[in-house]
Structure formats: C-alpha cells, structure tokens
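The next block holds one structure in the form of structure tokens; read it before the comments.
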C-alpha cells in the first residue's frame, strides 16, 4: 500500500468520526425543528455563508494555496512560507470581511433572492439568522488557510479532526436545548448562535499545532499585491472558482426551486445531502486532501511520473469506494433516514421524502467524489 493511501486511511477515520458527529448534530436538529418551516429557515440562513465559503475557501483556496505554500517551503524556507500564509490571511480577511458586511447589510435582499413565495414572517426569521451566521464565512476561510498549512506539512490528523469540534459544540447546544425543553422558535435562534460559536472553535483549534511548528498568525497586507506567491495563488484560484461556481449555481437554483414548493423541501434536501456527503467526506475529501499534498511536492520537484502515478491511484481508489457506497445508500435509504432523523418533530412522512431525495442524489455520488480528488 502506498504512503498516499496509508495517510488517506488515517484521514478517512478522522473524517468518518467527524461525519458521524455531524449526523448526530443533524439528528438533534431534526428532532428540534422537524422538516418543515423552521428547518427551512435554518437551512437557508446556514446555506448563504456556506455557499460563499464553498466558492472561496473549500476547494478553490486549498487547490491553490497548498501547492504554492509547499513550493515556497521547499524552494525557499519556512519563514518565507509563513509570510505567504499571513499575506493570504490578510487578503482573505479583506475579501471575506467585506462579503460578510455586505451579507449582513443586505441580508433581506439575499434571502428574497434565494427563496420564492415565503411569507413575511419566514423571510424575517431567515434574515435574522443569516445576519447571525454570516461571520462563519471569514472564520471558515481563515481555518481553510491553517488547514492547508498543516496538510502541506503532512499533519493531516488535526485539520481532519477540526470539523469534529464544530459538531461537538453544536451537539452540546442541541442536547441542552432538548433537555431544557426550549420551544422550537427559541431553539432556532439559540442553535444559530451555537453554530457561530462552533465555527470559532473549529477555526482556532488548529492554531496550537501550527504554533508548535514556529508559525505565528498575523495577517499582513503590506506587499500583498506584489508578492509572487499571492499572485500564483490568485491565478490558480480563478479556474477553480469557475469550476466550483457551477456547483454553487446548482445549489442556488435547487434551493430557490425547493423554496417555491412550500414548507419543508429546502430542509429535506439538506437532510438528504448530509447523508449523501458522508462517503464523499470519508473517501473523496480524505483522498483529495492527501493527494493534493503529495502531488504538490512532486510538482515542486518536477517529478511528473510520480505525480501521474499518485493521481491515478487516488482516482481508482475513490471510484471503487464510492461506487459501493452509492449502491448501499440507494438500497437502504429509507431505514438509514429513519434511524438518523425520525422522532420528535420529524415524522415518517418526512422520512419517506428525504429517502427519495437521497436515492436520487446517489446517482451523482461517484462524480461528486471525483471532483474532490481531481
């Protein structure tokens, strides 16, 4: 077994643990809010900063930052690589901070653009929650830079476990709300505040590991536009953003269409997607994370043979693993959904609706996972 597959196996275990916790979080959410109007409100409010995060910080930033950071560390030294990271932090703070401010200021316009046919009360609640959770965009973007640094140093475990802390904080909030018997309307607001707190914990949890490696997080703006490393990151990000944008446009269209169907479809799509994403995270994201690092090192050394071999190996592995997952999820969709979500305000009718959506999603499991690797 190659080093890439061994490393991805460890990451897969960490990601699996995080994803299981994520499903526990969603299970608590389903019992608190069900799959109706209140769940729709949270789903849209949480999706708005996540759409922008996925566009800027998820795949595009990682695919551009890790190779550039790795090349700088190999061809120059750690000090130069750390300076590049802080320049990237500075640039990201300007961009995401501006988008966060605009999102808070124009939240009502954004919510009305992404929903269709919602009543005034539902829109107003979504606007309030959107304003609470918009800072997640900056938090997750900064966390993506720190995650990329650790991955580039082959410290895969800490960044793989960071999302688990997000879920642990959210689970603690959700469990407290259920134990205290908080009314769903109040629970909705408290869950949103808890989600923001969870984002802070996830981002900052990676700092100790970086600190031990000599890195000091201090965003810089001086020399940002003239730095060759930053320019390279920008050049690499642009085509990646175009590719990711196609997926985000689909998410936007799906959300708007689902919102036009009444109470519930938006949340039902979200519940189904969380199960659908479990094998993607375990196999596609894990292999993609490790492959990006190993391929970046081989590219920096101009080892084209090794680069092609590692990429091919990862594509073959993710195809095999996700094909089996797709078949299993499709055949067992309804019992899986019932086990995870049914109870409280989540009814058997909700289970059948979410299971049907999950079965349709399974058709895209293999290509969606491939995107995470290639």
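Please identify which residues in the stretch 110-152 have an amide N closer than 16 Å to a label point set 7 Å out from the Cα of residue 95, following the Cα→Cβ vector. 137-149, by backbone N distance to the label point.
In terms of surrounding Cβ atoms within a 10 Å radius of their Cβ, 251, 15 rank from fewest to most as 251, 15.
Using a Gaussian network model of the chain in which every pair of alpha carbons under 10 angstrom is joined by a spring, one finds that among 317, 164, 144 the greatest mean-square fluctuation is at 317. Seen against the Cα atoms of the chain and their longest principal axis, helix 59-75 is set at about 20 degrees. A quarter of the convex hull surface defined by the alpha-carbon atoms of the stretch 38-247 gives 12.4 nm² as the mean projection.
When each of 319, 218, 191 is scored by the number of other beta-carbon atoms lying within 10 Å, the sequence from fewest to most is 218, 319, 191.
Projected label points at residue 302 and residue 251, each 7 Å from Cα along the beta carbon direction, are separated by 3.9 nanometres.
By the beta-carbon count within 10 Å of each Cβ, the least crowded to most crowded order of 346, 65, 109, fewest first, is 109, 346, 65. If the chain linking residue 234 and residue 211 were pulled fully straight, counting 0.36 nm for each residue of separation and taking away their Cα-Cα distance, it would gain 5.7 nm. With helices as the sole contributors, the chain gives -27500 deg cm²/dmol at 222 nm; each DSSP H run of n ≥ 4 counts as -39500 (n - 2.57), and the sum is divided by every residue. For the peptides 29-37, 198-206, the ranking by packing is 29-37, 198-206, with the highest mean count of neighbouring Cβ atoms within 10 Å listed first.
Between residue 222 and residue 124, residue separation times 0.36 nm minus the direct Cα-Cα distance comes to 31.2 nm. The stretch 321-340 and the stretch 117-157 have Cα centres separated by 28 Å. Percent of C-alpha pairs per 10 Å bin in the chain, short distances first: 5, 23, 34, 25, 11, 2, 0.
Each value in this text was obtained by applying a stated rule to the coordinates, not by laboratory testing. These numbers were taken from a predicted model, which means no experiment stands behind them. In this analysis, Cβ positions are derived from the backbone assuming ideal geometry, glycine residues included, and neighbour counts consider all displayed protein chains.
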